[in-house]
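Below: one structure, written as structure tokens.
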Amino acid sequence: MLKTITFLFFLGFFKNPILAQVLDCNRLVGNFVGPNIPFSRPMEIGDVLTWNGTVFSQPSTLRVSFISPSEIPIHIRQDLPNQHTIFNNAAGALWGAEVFGPALYQLGQPFQISMKLDNFAFRIYSKDIEVFQFPIRNGATWNAMYAVVLQNLSLNSWKTNWLEMKCIRSPTTTRAPRTRRPGHGHGGGHGHGGHGGGYGGGYGGGRFSSSDSSDSSESCEY
């Protein structure tokens, strides 16, 4: 019986339903920690990705990476129980300078985190409140991010209930809105309610809005 099931897996009769799902300006329900979750199209200025779930009680390292074909334009890592988050980007095998922001997760607690792609920064929200801005660094392929991956360095550290992509335009629309080129990433933190933070980042106080857009703007594993 086991040999039969293994053979059927090999032929593709049984597939992991999580691996088959694509974010197409919609909500996907389930635990998506582990596999790459592809987007139906690259993220655009104004698009927002939200991940909702729970962190378990043991210390762990939680990582979220937004992926383009050749780099990681934004990488978010928290080493729990440390009360800060590390933001970075990677081009090829080279990581940039780490930027430190506020804690996004707590042991044993639920979470809802969002990342909004803006003109000059990745805007981070916790439960719909803006808490940080990570500047889009010069040369980062912010306009080619095609997938997200949520990872942990120890088994069963966290889980998601759902992922959701809110798009600035309908997935059936053929013309993208006009956007401005991002800046050079020499610091950030100016925006709706933000003030400059350490090491090129910034804290904000604005509420989440999918239509609101700011004018302000280690091998290489995720």
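What follows draws every value from the coordinates through simple rules; no lab data is involved. The model shown is predicted, which means the values in this text are computed figures rather than measured ones. Glycine gets a Cβ as well: all are built from the backbone with ideal geometry, and neighbour counts include every protein chain shown.
Taking the Cα centre of region 28-166 as origin and assigning +1 to Lys and Arg Cβ atoms and -1 to Asp and Glu Cβ atoms, the resulting dipole is close to 140 debye. Each of A91, L104, W158 was placed along the dipole of region 28-166 (beta-carbon charges, centred on the mean Cα), and the one lying farthest toward the positive end is W158.
The ranking of L107, L153 by Cβ neighbour count inside 10 Å, starting from the fewest, reads L153, L107. Here the extension length gained between R27 and K127 equals 34.4 nm, from 0.36 nm per residue of separation less the Cα-Cα distance.
Which of the three applies to region 13-107, rounded, prolate or oblate, going by the alpha-carbon gyration tensor with a ≥ b ≥ c and a/c under 1.5 meaning rounded? Here region 13-107 falls in the oblate category.
With contacts defined as alpha carbon pairs under 8 Å and 6 or more residues apart, what's the relative contact order of region 30-84 in percent?
Across region 30-84, relative contact order equals 25 percent.
Please list 54-60, 31-37, 114-120 highest first by mean number of surrounding beta-carbon atoms within 10 Å per residue.
Descending packing order for the listed peptides: 114-120, 31-37, 54-60.
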